[in-house]
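This report refers to the structure that appears directly beneath it.
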Amino acid sequence: MLLIREGTVVTHERIFPADVLCEDGRIIAVERTIAPPAGADVLDASLCLVLPGGIDPHTHMEMPFMGTVTSEDFFTGTRAALAGGTTTIMDFVIPVPGQSLLQAHDQWLERAAKSCCDYTFHVAVTWWDESVRHEMTALVQHKGINSFKHFMAYKGSLMADDPILLKSFEHSLSLGALPTVHAENGELVAALQKKLLARAPDDPMSHAASRPAVVEGEAAGRAIAIATLLGVPLYVVHVSCKEALGAIASAQQQGGRIFGECLPQHLLLDDSVYDQKTWDGAAAFVMSPPFRPRDHQQALWGGVTGGTLATVATDHCCFLAEQKRMGCADFTRIPNGTPGVEDRLMALWESGVNTGRLSPCAFVALTSTNAARIFNMYPQKGTIAPGSDADLVVWDPGLRKVLSKEHHHQQVDFNCFEGMAVRGAPRFTVAGGVVRFAEGIPLVQRGSGHCIHRPPWPAWWPRFQG
Ligand code: URP
Ligand code: ZN
Ligand code: ZN
């Protein structure tokens, strides 16, 4: 048994003083005062907040991508997540075109077995024939999958074109599963890349120039149009620009169930990150969508505070400097991705709560509850209540830290937020009722995380527009 005493509990809807008692991986009581049961471990949370463990709905641990594999594996990545107060990650099964979805799912299950926090998967639809349709059904009915990812970019590798989107969205609707999209027009990106390769092939800035905001806005609008036509809800990952945000807001205003996700990277950093003294410095920030001019950041904050954007994820996708150098003569070969799974909560608390933009309840909604609800894990995850998983963070709003590659746990030689001073950080992270990080010390156990099965939504859900 674990008793967390004298803290202030924060859920997505209220803040109240309470003790939290955990047993066998679950929360069994949340009350003003709980006498310590005999033999229980006791954590002192006085002067601290007790938050639901973070849920990062977008990570890529040990993902084969662009001719290499992300440097963070499921063990190191979930350890870094726990260090930062995240207790569940949602990763992506990505079949290579032509590969069985079930076989790819098995591969990812095997890789993820070393995780030290809970994990669950979205499965990407990267190609189409009747076997894909059948395997989507099997994944939903037997494997606990309720979301399918579609890359509208990465032409020639993972890209799903309109006919695939149409068939996969339609089938998702019939299964009670939620389609998600990486919204960038892959055809336009490929055309712009060709032009820029002739002009500035070794400049990482060419990466950003080949993926302007209009490319993202167009794809977001197209995916939303297809979803709206079919009456299926849609989740748009890593929204980075005004154009995509506008498409989501306008669909929501017309009653569409369109969910938007954004990243602290795009909220906090602009495209000046590509003006670095060294090639390595700029290449480290190569990700898709790229960093945008500053006015987009302002709009994204409006989306977060106003509710158009429902979640703050990381798209944690680590490559070492030596891996990024694969693209030193050809910017299209720089592996796309940046880290953040450990920094997400601290960066968002500092820039959101400490600035007065977000209440602590809104912070919890954006970092945990909304993902649990959208992906059907609530109230097992995403809240603090009897019966919920005992995934908790003892958060000290006065604790000061500096985010840096020098001491982060992420398995990568780079930190997007290098040198950022934050006030507000985890003192203890509890996963499944066990303290897994205490005052910066890892107490993790390889393989202690569980795969979370997410049931499909009932057939009526897509038509429920409330
Ligand atoms: O640059 C990124 N975002 N890399 C990871 C793959 C993806 O597109 O999400
Ligand atoms: Zn993406
Ligand atoms: Zn991603």
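The values are calculated or read from the model by the stated rules, or taken from the named source; none is laboratory data. Note that the structure is predicted; figures quoted are calculated from it, not measured. Neighbour counts run over all protein chains shown; Cβ positions are idealised from the backbone, glycine included. Remember, those area values only see protein heavy atoms, side chains included, never the ligands or the DNA or RNA. Shrake-Rupley method; radii C 1.70, N 1.55, O 1.52, S 1.80 Å.
Within region 161-188, being within 22 Å of L245 (Cβ to Cβ) and either open to solvent by less than 10 Å² (accessible area, probe 1.4 Å) or in a loop (DSSP other than H, G, I, E, B) (or both) holds for L165, F169, L178, P179, T180, V181, H182, A183, E184, N185, G186.
Which one is surrounded by the fewest Cβ atoms within 10 Å (Cβ to Cβ) among residues in region 370-384 that are over 13 Å from the mean Cα position of the chain (by Cα) and under 19 Å from G84 (Cα atoms)? Looking at residues that are over 13 Å from the mean Cα position of the chain (by Cα) and under 19 Å from G84 (Cα atoms), I get T383. Taken together, V125, V140, V132, V181 contain a single residue that is more than 22 Å from C318 (Cα to Cα) and within 16 Å of ligand 2 (Cβ to nearest atom), which is V125. Taken over region 211-236, residues that are over 24 Å from the mean Cα position of the chain (by Cα) and not in a helix (DSSP H, G or I) amount to 1.
Considering region 238-255, and only residues there that are touching a residue at least 60 places away in the same chain (Cβ under 8 Å) and either aromatic (F, W, Y) or more than 16 Å from ligand 3 (Cβ to nearest atom) (or both), the residue that is surrounded by the fewest Cβ atoms within 10 Å (Cβ to Cβ) turns out to be G255. Scanning region 53-62 for residues that are open to solvent by less than 10 Å² (accessible area, probe 1.4 Å) and either more than 13 Å from the chain's Cα centre (by Cα) or away from ligand 1 (no atom under 16 Å from the Cβ) (or both) yields G53, G54, I55.
Among the candidates T369, T355, T305, the residue that is of a type in the set (V, I, T), away from ligand 3 (no atom under 16 Å from the Cβ) and farther than 21 Å from P57 by Cβ is uniquely T355. Step by step: first the residues of region 77-93, then only those that are farther than 22 Å from A365 by Cβ and of a type in the set (V, I, T), then the one that is farthest from ligand 3 (Cβ to nearest atom). Which residue is that? Among residues in region 77-93 that are farther than 22 Å from A365 by Cβ and of a type in the set (V, I, T), the one farthest from ligand 3 (Cβ to nearest atom) is T78. Pairs linking a residue in region 175-187 that is at negative phi and in contact (Cβ under 8 Å) with a residue 24 or more places away in the chain to a residue that is acidic (D, E) and open to solvent by 10 Å² or more (accessible area, probe 1.4 Å), with Cβ atoms under 7 Å and 6 or more positions apart or on different chains, are N185/E218. The residues on offer are S351, S288, and the sole one that is touching a helix residue (DSSP H, G or I) at 6+ places or on another chain (Cβ under 7 Å) and either surrounded by fewer than 24 Cβ atoms within 10 Å (Cβ to Cβ) or assigned to a loop (DSSP other than H, G, I, E, B) (or both) is S351. Candidates in region 298-318 are the residues that are open to solvent by 10 Å² or more (accessible area, probe 1.4 Å) and either modelled with pLDDT under 95 or over 21 Å from A371 (Cα atoms) (or both); of these, the one that is nearest to ligand 2 (Cβ to nearest atom) is A299.
Among the residues of region 298-343, those that are of a type in the set (S, T, N, Q) and more than 16 Å from ligand 1 (Cβ to nearest atom) comprise Q298, T305, T308.
Listed by first and then second residue, the pairs linking a residue in region 220-234 that is in contact (Cβ under 8 Å) with a residue 24 or more places away in the chain and over 16 Å from S250 (Cβ atoms) to a residue that is open to solvent by less than 10 Å² (accessible area, probe 1.4 Å) and among the aromatic types (F, W, Y), with Cβ atoms under 7 Å apart and 6 or more places separating them unless they lie on different chains, are L230/F169; V232/F169. Note on region 354-385: residues that are part of a loop (DSSP other than H, G, I, E, B) and among the basic types (K, R) amount to 2. Return a yes/no flag: does region 107-115 have any residue that is within 16 Å of ligand 3 (Cβ to nearest atom), free of Cβ contacts under 8 Å to residues at least 40 places away in the same chain, among the aromatic types (F, W, Y) and open to solvent by less than 10 Å² (accessible area, probe 1.4 Å). Among the residues of region 107-115, at least one is within 16 Å of ligand 3 (Cβ to nearest atom), free of Cβ contacts under 8 Å to residues at least 40 places away in the same chain, among the aromatic types (F, W, Y) and open to solvent by less than 10 Å² (accessible area, probe 1.4 Å), which makes the answer yes. The residues listed here are Y235, Y274; of these, the one that is more than 16 Å from ligand 3 (Cβ to nearest atom), among the hydroxyl-bearing types (S, T, Y) and open to solvent by less than 30 Å² (accessible area, probe 1.4 Å) is Y274.
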